[in-house]
Structure formats: C-alpha cells, structure tokens
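Please read the structure below before turning to the comments.
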Amino acid sequence: MASASITAPTVGFDLDMTLIDSRPGIHACWVELSERTGTYVDADLVVTRLGPPLEEEMAYWFPADRIPAMSGLYRELYPSYAITGTLAMPGAREAIGAVQAAGGRAVVVTAKWEPNAKLHMEHLGMEPDAVIGNLWAEQKGAALRDHGASVYVGDHTGDVRGARMAEALSVAVSTGPCTAEELSEAGADVVLGDLTEFPGWFSDYRAGCLPARA
C-alpha cells in the first residue's frame, strides 16, 4: 500500500563518499601525517575504507597510547591538507536542494570531526540546515531523531544501522566502500547508484508513490 503524501520531511545525509568525495584530501592529510611522524601509512588503503571514526583507522598504524595525540595532530593538519582537494559527489548539491525546495530540512550527520565537516560544506558552497559531527553508526540515530529526520542517506552499512536506530527510512548510495549488495543485505530500504538518482526518488517518496518501510 502506498504511504501518505509527505510534504516537508527532514532528510539526513552522511558526508564522506555520500555528499563529498574526500579521498584526495584525506589521502594528502595521511601522507603529511606519515611524513611528520616517520610512521608508515598506506594512504591508498586508508581511502578505500572511509566511514568509521578516525580513531579506528589510527589503530592500524599507531599503538593505542599514541592514538589520541595522532588523532589530534591529524585534525590540526586537516584544514590545510584535506579541504581544497575534496570534491562534491555527483548530485550532492541537487539532493540537498531537492529537500530544501520542498520546504524540508537537510541535515548532515557524520562521523567526521564537526568543525572539519563544516569547513567542507563552506568550501563547496553547500548549505545544509545543520551539520552534526563525531557520530558513527548507531550513534547517528539520536541526532537523526533529535532533528526529526524521516530519511537518512548514506554509503556505508553503518549508516543503515544509524537510520534503523532513528526509525528512519534508510536510503543508501553505492558510492563508498560498501557494494549495493552489502547495503541491501544490511537492511537498506532503498539503494541508489548515486545521488543523481535522489531527486527523482525523493519526488516519488513525497508523493506517497513508494511503499512504506517494512
């Protein structure tokens, strides 16, 4: 049965590999961190598994007692090395615009450190209604609930879990480290190839032309 018409929903968006292709900037930042610390880091490998918190990636390269300091240094380096190299994902601006043009709110909920997440939005000229950082997977659920999000869009199975915690529709894009099959198996309600498909899907969703979440 079709759902009722939805006039002005709040939609949450993940950041890395959903709204932005941060791989070039993050790669450059890890290379600089490696050079400054004299510690080998395979930056090519790092950018294939974006999504989880920084500290989880740090644990592959540094001993536990150095992770807080190295995470702090990375975040200090980030504005200088990671912002300008980062690009908007295809359809990202249009996806945010589709929500706001419908009278809804677009909120970014990400595991990235919040000040750096906001720098990305400013640099790329994106204007979401809110940016909430430092949250991963199920932790995102509380922020999504607080903002009244009925949809959460992300590229990782952790984003699917966050949507479930918020009892929001999970819309996944297969533009990050997880395949469409992995996202579906994790419980995504909708899997899109990328955000260029979002405005059309969103129009149908608002019109009540799609099945309600199972």
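The values are calculated or read from the model by the stated rules, or taken from the named source; none is laboratory data. Only a predicted model underlies this, so the values are computations on that prediction, with no experimental measurement involved. Glycine gets a Cβ as well: all are built from the backbone with ideal geometry, and neighbour counts include every protein chain shown. What goes into the accessible areas is simple: the full protein's heavy atoms, side chains included, and nothing from ligands, DNA or RNA. Shrake-Rupley method; radii C 1.70, N 1.55, O 1.52, S 1.80 Å.
Put simply, the amide H of I132, placed in the peptide plane, has neighbours under 5 Å in V108, V109, T110, leaving out anything fewer than 5 places away on its chain. Tell me which label goes with the value of volume of the Cα convex hull per residue in Å³ computed from the coordinates here: (1) 107; (2) 171; (3) 130. Among (1) 107; (2) 171; (3) 130, the one derived from this structure is (1).
Can you compute the charge dipole magnitude of the chain about its Cα centre, using +1 on each Lys and Arg Cβ and -1 on each Asp and Glu Cβ, nothing else charged? Give it in debye, rounded to the nearest 20. Please list the in-between numbers first.
Values: 15 positive and 29 negative charges, 97 e Å.
So the dipole magnitude of the chain works out to roughly 460 debye.
Along the axis of the charge dipole computed for the chain (Cβ charges of +1 for Lys and Arg, -1 for Asp and Glu, origin at the Cα centre), the listed residues G104, P177, C29 are led at the positive end by G104. Straightening the chain between R49 and L77 buys 8.1 nm, computed as 0.36 nm per residue apart minus the Cα-Cα spacing.
Could you give the angle, 0 to 90 degrees to the nearest 10, between helix 23-37's Cα long axis and the longest principal axis of the Cα atoms of the chain? On a 0 to 90 degree scale, this one is about 20.
Computed from the C-beta positions of E94 and R66 and an R0 of 41 Å, the FRET efficiency is 0.45 to the nearest 0.05.
Database remark: amide H of M89 closer than 5 angstrom to the amide H of I20, D21 (H placed geometrically; neighbours at sequence offset of 5 or more, or on other chains; Pro and chain starts carry no H). Using C-alpha pairs under 8 Å with a sequence gap of at least 6, the mean separation divided by the residue count of the stretch 106-214 gives a relative contact order of 18 percent. Per residue, the solvent-accessible area of the stretch 124-183 (1.4 Å probe, heavy atoms of protein chains only, all protein chains present) comes to 37 Å². Mind pulling the angle between the C-alpha long axis of helix 67-81 and the longest principal axis of the chain? Nearest 10 degrees, somewhere in 0 to 90. Orientation of helix 67-81: about 70 degrees from the principal axis.
Calculate, in nm to one decimal, what S203 and T84 gain on full extension: separation in residues at 0.36 nm each, minus their alpha carbon distance.
Details: separation 119, 0.36 × 119 = 42.84 nm, distance 3.25 nm.
The S203-T84 span can extend by a further 39.6 nm.
The alpha carbon gyration tensor of the stretch 124-214 gives principal lengths a ≥ b ≥ c with a/c below 1.5, which makes the shape rounded.
Ranked by solvent-accessible area (1.4 Å probe, protein heavy atoms only, all chains present), the residues K140, K112 order from largest to smallest as K112, K140. Dividing the helix sum by the residues of the chain, where each DSSP H run of 4 or more adds -39500 (n - 2.57), gives a mean residue ellipticity at 222 nm of -12500 deg cm²/dmol. Specify the angular offset, from 0 to 90 degrees and rounded to the nearest 10, of the alpha carbon long axis of helix 92-101 from the longest principal axis of the alpha carbons in the chain. The angle comes out near 40 degrees.
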